[in-house]
Amino acid sequence: MKITPATSQRFVVTILWLLTAITILVLLFIIVYILFHGIRNVTWSFLTESPRRMGRQGGVFPMIVGTIAVTGLAVLIAAPVGVLTTIFLTEYTRESKLTSVIRFGADCLAAIPSIIFGLFGFVFFVVVLGMGFSIISGALTLAIMVLPTIIRTSEEAIRAVPAVYREVSYGLGSTRWQMVTRVVLKSALPGIGTGIVLSIGRCVSETAAVMLTAGSALRMPYSPLESSRTLSLHFYILSREGISMQNAYATASVLIITILAINIIAYLLMRRLIAKVR
Amino acid sequence: MKRDKIIHAALTIVALSAISSLALITVFVFKEGLPIILRVGVKNFFLSGDWYPSEGKFGILNMIVGSLVVTAGAIIIGAVFGLGCAIVLTQFAPRQLVVILKPAIEILAGIPSVVFGFIGVVVLVPLVRQYLGGPGLSILTASIVLGVMVLPTVTSISVDVIQAVPRSYRDGSIALGATRWQTTHMVIIKAAKSGIIAALILGMGRAIGETMAVIMVAGNALELPHSILDPVRTLTSNIALEMGYAAGDHRQALFATGVTLFVIIMILNTIALTISRRSAGKAAKK
Amino acid sequence: MMIKPYFHVLEGYSKKLCFLALFILLIPICEGCRDSKGRPVNVIGSTSIQPFAELLAEEFQKIKPAGSIDVQGGGSTAGIQAIVNGIADIGMCSRELKEEEKAIDTPVEIARDGLAVVVHKSNPVSDLTLAQIQMLFSGRIRNWKELGGNDMPVRLIMREEGSGTREAFINLVMKKTVVSRKALVQESNGAVKELVRLDPAAVGYMSLGMVGTELKSLYVDGVEPTAQQVSSGRYRLSRPFLFVLKTDTPLRPEAREFIDFVLSDQGQQILESEGLVRAK
């Protein structure tokens, strides 16, 4: 019996849809499971209080502050540096041995395990530079960690911009910088934005690297030189030490809601940017 | 003109500092790690499974095997599901659905690894222990958890790459009478091949690099596994478990483990580069 | 004047945002730099001691609001490293100091903790000798039926290498015998507890104070594993909880105050109520 292309298409497409459905189901399962167990404990006081009795009581406010501080600082450093570096590599230099070495290096570093960044950050920032367990140690470590990712995703996005755009821009008499900012970056913005959002997500999720650079202090940090615990690390400690499963689920719920919020905001922002630019 | 020169100079400085900080970490890791590999002996370090830091024995073979096996499992799951989703999203899903599905998968990427590990411990490990045997903390569990974690990376990048394939390829193929699936696997995927491989390599890198989730579900036993239901220790777990307190030779051995990971990833990336160059060459010839 | 496209406006905003962010960050940096005496006391080390230290820090801050104590985990040996490196003021160690450590560090015992050998609630085995426990963990005994239990392969659970709990276990039980390489390794008391709670074939060890009611603690040489038996010395698996100080470095007054509080009657009572035994 001959299998027509139509039949094989139907077969394959069914399987593909099945795979997609399973993927979405897994995602839903994870989110629902955590929220189901945790959302009832995410009260206003949980979000605004400090933890008491090792985290058995009280809330996670210092952890929220710590997470924002470490992630915010890291992305604030890495995003502009990364995008500008990419612009330099793609638009201001000619393709040469050096640029391919740099690209290869960035590819490798984007794939290097975060634990190595943690190890480096611990030895370099915490011990050798004497910054101790602090938000700044954590932020610098995370910044170096996400920098290659931002460079690579930005590069893919910028390279995807057709050469025609650039030629037209030059043809209209623009300078290189004008061409870069008004033409290339605009078209590449969704891709660059994706890279940055991915990096933010990576920073918020990061546990091992922060544990050994930002530390795991329970108190509210009053300066970037102080140690602080991030939400991910707090969840890890609460759940692994068995201190309070209730609060562990609640912390995880806060984490998941935060990440959902980041994704939604980023998505909406991206849509607005693209719409305004068209 | 002057403004352009200033901008050029500023960009150069920024780029140089970025690149030098990346170079710094590379040099640092190698500087700390290479000496001990040479001191212990390359054969003893890579081919021995005796990891007894208190006795000065640093053999990481079992952990290399652990990492490779778990990653292989993860990438199989990640590739199958990840690519499947990417193809559905770009070729077969109606626009309205894509608007929901694509962000949904990207959310999966943002979920912290500790949450994945936690769910793995609470849901998956007991299931594996009860229905498949063994301690539950095993290669299988780790592969599944990692596969789910790697999946969004593969999908995300594959989608971007597939969408970058010129529309004319697709239109041309349909015009020639191909079905959508034929168009997909014979034309579009071929054109996007290098990008897809990059996606898989990036996914593999993420799988090899994952630490927290693996510590929670892989068991971290030092012995070589005999089946996928046996526990394993990966290179990353080893670093994480011991780096807080390791000093002197032990710490350098952990950096040396980092060097190993570096080298593995460099090899992976080189393979990816070669494949993408070859496929680009073939495409050019056409 | 040219009408700048939206992107240029965004550029302006991001520049302003950057400056705002830097400014916001500068305030606390200045605050922190100025007030270097107010730098928190860093207590780093054993994950077994960590929850108790956090509790003590909380209570200490109630009577001394100005003092701030930061407690970090990392493991006993990590704590020792931290005071050697100067990152920590006080190291937490849940085992006896090694010879080479005693040369540069001063231990202060703040409590004693029992080490419980735990199994699943359904495990029929209740009482083992030290020798039997040693044979279990070295892999000599592979099936529970050899000890009068069910016909199940023994699943060993160990702590990670830097753990004070592990070191204490090895010092007290294993001595020179090597632990089986098949053993699973978990990185916290809670993780060990969770595994043993769900796996009928599992056996592990953990802080006595944290066992709770979901697990079964084995009698060792016929002695019941309770705080009283630890205190009387009859339950032999007990280890000290130490605050470790660097010998040749003067201790900050804030740190000294904290240690005094921990050793005071109030501090010791807090630890006792959590299941530990008073320091001698």
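The values are calculated or read from the model by the stated rules, or taken from the named source; none is laboratory data. The model shown is predicted, which means the values in this text are computed figures rather than measured ones. Every residue, glycine among them, receives a Cβ derived from its backbone with ideal geometry; neighbour counts consider all protein chains shown.
Just to be sure before I move on: is A:ARG202 more than 20 Å from the chain's Cα centre (by Cα) and surrounded by fewer than 24 Cβ atoms within 10 Å (Cβ to Cβ) in the structure I sent? In short, no. Scan the range A:115-142 for residues that are among the aliphatic types (A, V, I, L, M) and over 18 Å from B:VAL27 (Cβ atoms) and report the count. Qualifying residue count, the range A:115-142: 7.
Being at the interface with chain A (Cβ under 9 Å from one of its Cβ atoms), under 22 Å from A:VAL161 (Cα atoms) and surrounded by 24 or more Cβ atoms within 10 Å (Cβ to Cβ) is not true of B:SER237. Can you name the condition, by its number, that C:LYS176 falls short on among (1) crowded, with 19+ Cβ neighbours inside 10 Å; (2) at pLDDT below 90; (3) not polar (S, T, N, Q)? Answer for C:LYS176: the failing condition is (1).
Restricting B:ALA221, B:ALA253 to those that are outside any helix (DSSP H, G or I), touching a strand residue (DSSP E or B) at 6+ places or on another chain (Cβ under 9 Å) and crowded, with 24+ Cβ neighbours inside 10 Å reduces the list to B:ALA221.
Limited to the range B:167-180, what total is found for residues that are without any contact (Cβ under 8 Å) to a residue 24 or more places away in the chain and assigned to a helix (DSSP H, G or I)? Final tally of qualifying residues: 9.
Comparison of A:VAL161, A:VAL123, A:VAL127 shows that the only residue that is part of a loop (DSSP other than H, G, I, E, B), within 11 Å of chain B (Cβ to nearest Cβ) and either buried (at least 24 other Cβ atoms within 10 Å of the Cβ) or not hydroxyl-bearing (Ser, Thr, Tyr) (or both) is A:VAL161. Restricting C:ALA191, C:ALA183 to those that are without any contact (Cβ under 8 Å) to a residue 60 or more places away in the chain, touching a strand residue (DSSP E or B) at 6+ places or on another chain (Cβ under 9 Å) and either among the charged types (D, E, K, R) or within 14 Å of chain A (Cβ to nearest Cβ) (or both) reduces the list to C:ALA191. If you check A:THR90, A:THR85 for being β-branched (Val, Ile, Thr), touching a Lys or Arg at 6+ places or on another chain (Cβ under 8 Å) and either closer than 30 Å to C:GLN61 by Cα or part of a helix (DSSP H, G or I) (or both), only one passes: A:THR90. Could you tell me which residue of the range B:110-122 is farthest from the chain's Cα centre (by Cα), considering only residues that are within 7 Å of chain A (Cβ to nearest Cβ) and surrounded by fewer than 24 Cβ atoms within 10 Å (Cβ to Cβ)? Among residues in the range B:110-122 that are within 7 Å of chain A (Cβ to nearest Cβ) and surrounded by fewer than 24 Cβ atoms within 10 Å (Cβ to Cβ), the one farthest from the chain's Cα centre (by Cα) is B:ILE119. A count restricted to the range A:194-244 and to residues that are of a type in the set (D, E, K, R) and assigned to a helix (DSSP H, G or I) stands at 2. For the range C:253-265, state whether one or more residues are more than 30 Å from C:ASN85 (Cα to Cα) and crowded, with 20+ Cβ neighbours inside 10 Å. No, because not a single residue in the range C:253-265 is more than 30 Å from C:ASN85 (Cα to Cα) and crowded, with 20+ Cβ neighbours inside 10 Å. Of the candidates C:ALA202, C:ALA279, C:ALA227, the single residue that is surrounded by fewer than 21 Cβ atoms within 10 Å (Cβ to Cβ) and closer than 23 Å to A:GLY242 by Cβ is C:ALA227. Quick one: is B:GLY248 free of Cβ contacts under 8 Å to residues at least 40 places away in the same chain and within 29 Å of C:GLN72 (Cβ to Cβ)? For B:GLY248, the condition - free of Cβ contacts under 8 Å to residues at least 40 places away in the same chain and within 29 Å of C:GLN72 (Cβ to Cβ) - is met. State which residue is modelled with the lowest pLDDT when the search covers only the range A:40-58 and only residues that are aliphatic (A, V, I, L, M) and crowded, with 17+ Cβ neighbours inside 10 Å. Among residues in the range A:40-58 that are aliphatic (A, V, I, L, M) and crowded, with 17+ Cβ neighbours inside 10 Å, the one modelled with the lowest pLDDT is A:MET54. Got at least one residue in the range B:143-166 being among the small types (Gly, Ala, Ser), more than 16 Å from B:ILE75 (Cα to Cα) and outside any helix (DSSP H, G or I)? Within the range B:143-166, not a single residue is among the small types (Gly, Ala, Ser), more than 16 Å from B:ILE75 (Cα to Cα) and outside any helix (DSSP H, G or I).
A residue that is closer than 24 Å to B:ILE215 by Cβ, crowded, with 18+ Cβ neighbours inside 10 Å and either more than 9 Å from every other protein chain (Cβ to nearest Cβ) or not aliphatic (A, V, I, L, M) (or both) occurs somewhere in the range B:82-90.
Looking across A:ILE257, A:ILE237, A:ILE243, one residue alone is under 18 Å from the mean Cα position of the chain (by Cα) and among the β-branched types (Val, Ile, Thr). It is A:ILE257. Evaluate the range B:38-48: report whether one residue or more is more than 13 Å from chain A (Cβ to nearest Cβ), in contact (Cβ under 8 Å) with a residue 24 or more places away in the chain and crowded, with 19+ Cβ neighbours inside 10 Å. Yes, because at least one residue in the range B:38-48 is more than 13 Å from chain A (Cβ to nearest Cβ), in contact (Cβ under 8 Å) with a residue 24 or more places away in the chain and crowded, with 19+ Cβ neighbours inside 10 Å. Among residues of the range C:47-76 that are charged (D, E, K, R), those with a Cβ under 6 angstrom from a residue that is in a strand (DSSP E or B), sequence gap 6+ or separate chain, pair up as C:GLU54/C:VAL71; C:ASP70/C:ASN42. Within the range C:60-83, track down each residue that is outside any loop (DSSP other than H, G, I, E, B) and either among the aromatic types (Phe, Trp, Tyr) or surrounded by fewer than 17 Cβ atoms within 10 Å (Cβ to Cβ) (or both). Once the filter is applied, which keeps residues that are outside any loop (DSSP other than H, G, I, E, B) and either among the aromatic types (Phe, Trp, Tyr) or surrounded by fewer than 17 Cβ atoms within 10 Å (Cβ to Cβ) (or both), the range C:60-83 yields C:PHE60, C:GLN61, C:LYS62, C:ILE63.
Would you check which residues across the range A:167-179 are modelled with pLDDT of 85 or more and buried (at least 17 other Cβ atoms within 10 Å of the Cβ) and list them? A:SER169, the sole residue that qualifies.
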